[in-house]
Amino acid sequence: METTSPPTHHQFGAIDFLPALTNFLQQHYPTCPVIPNIFDRFDLYKIITITLPPNPYISQQTRTNRIRAIPSIPPCGRNPGSAANFDTALIIEDPSKYESHGGISGLRVAQVRAIFDLPHNFSALV
């Protein structure tokens with residue numbers, strides 16, 4: 001699915017998408033001269049599967065997590081539509097605390113609203 005920022009804002013409920021992306025790029029790639037705007041197009045995905053490393057406390061087998069960011073589909077004709085699915089994930093907010101204390105220290109719960117690729121004009125600069 002390819003879309004521009006305003007549909008991302010409305011369909012996915014990602015109300016701070018452009019400001020959050022701009023802030024992320026400025027913090028992590030300060031030399032990136034491109035600033036996201038409403039005319040940029042982002043490839044959006046409904047599901048991403050992440051392979052997790054083995055965890056000796058759970059299993060030595062490789063495990064995967066599936067994270068979904070699926071907007072609702074309104075009813076149309078005979079199609080009843082479908083509810084939105086926005087999964088939650090634990091993200092590392094404080095890497096040093098997470099590495100030194102382990103467990104859930106340094107982690108934060110986040111609701112995933114959009115899974116996307118940066119447009120090509122961004123990826124060449126970061």
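The values are calculated or read from the model by the stated rules, or taken from the named source; none is laboratory data. Just so we're clear, the structure is a prediction, and the values are computed from it rather than from any experiment. Virtual Cβ from ideal backbone geometry, glycine too; neighbours counted across all protein chains shown. When the accessible area is computed, the model is the full protein with side chains, heavy atoms only, and any ligands, DNA or RNA have been set aside. Shrake-Rupley method; radii C 1.70, N 1.55, O 1.52, S 1.80 Å.
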With every protein chain in place, segment 1-116: carbon and sulfur % of accessible area (1.4 Å) = 55
What fraction, in whole percent, of alpha-carbon pairs in segment 8-59 exceed 19 Å separation?
-> 50
Give the long-range amide H neighbours of residue 118: residues separated by 5 or more places, or on another chain, with amide H under 5 Å away, using H modelled in the peptide plane at 1.01 Å from N.
-> none
Sites matching trypsin sites (Lys or Arg not before Pro) across segment 37-126 that sit in DSSP coil, with at most 14 neighbouring C-beta atoms within 10 Å | 46, 78
Among 62, 31, 49, whose mean-square fluctuation peaks in a Gaussian network model of the chain (Cα, cutoff 10 Å)?
-> 62
Roughly how many debye, to the nearest 20, is the charge dipole of segment 1-117 about its Cα centre, given +1 on each Lys and Arg Cβ, -1 on each Asp and Glu Cβ, and no other charges?
-> 420
Probe 1.4 Å, accessible area per residue of segment 11-126, Å² = 73
Pair residue 82, residue 48: separation of 7 Å Cα→Cβ label points (nm) | 2.0
Quick one: length gained pulling residue 100 to residue 120 fully straight, 0.36 nm per residue minus the C-alpha distance?
-> 3.6 nm
R0 = 25 Å: FRET efficiency of residue 39 with residue 110, Cβ-based, nearest 0.05?
-> 0.40
In whole angstrom, how long is each semi-axis of the equivalent ellipsoid of the chain, when you take the square root of 5 times every eigenvalue of its Cα gyration tensor and sort them from largest down?
-> 28, 24, 13
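Using alpha-carbon pairs under 8 Å, 6+ residues apart, how would you state the relative contact order of the chain in percent?
Relative contact order of the chain: 26 percent.
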